[in-house]
């Protein structure tokens, strides 16, 4: 009796990717996706696609690394000893991230502390 075989993926196989982006960024994301599909050489910087994040690199970094480690603000607060309210304020740009706080965050988030400075 023949055994069912798993179909091997081919290079031409397509996948669907869903993104949630601000309405104003949707046309740029669509243009980028089309250029990738047509193999154009044009590349886009993060600043071109998401200009609203310029100057907010530290705040975005905390949130991104926290999500990467699958931590809530409360869990990060418990592991670092930094009050959850302060983490929220840092993520929203209302509190400065000093060197000592950056080192505490970096240790838990498995990243170099300079990512937050």
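All of the numbers you see were taken from the coordinates with simple rules; none came from a lab. What you see is a predicted model; the values in this text were computed from it and never measured. Cβ: placed from backbone, ideal geometry, glycine included. Neighbour counts: every protein chain shown.
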Handout entry: residue 89-residue 117 pseudo-label distance in nm [points 7 Å out on the Cα-to-Cβ vector]
Key = 2.2
Practice task
At q = 0.24 Å⁻¹, what is the base-10 log of I(q)/I(0) for the stretch 32-98 according to the Debye formula with one equal point scatterer per Cα and no solvent? Please give it to two decimals.
Solution key: -1.00
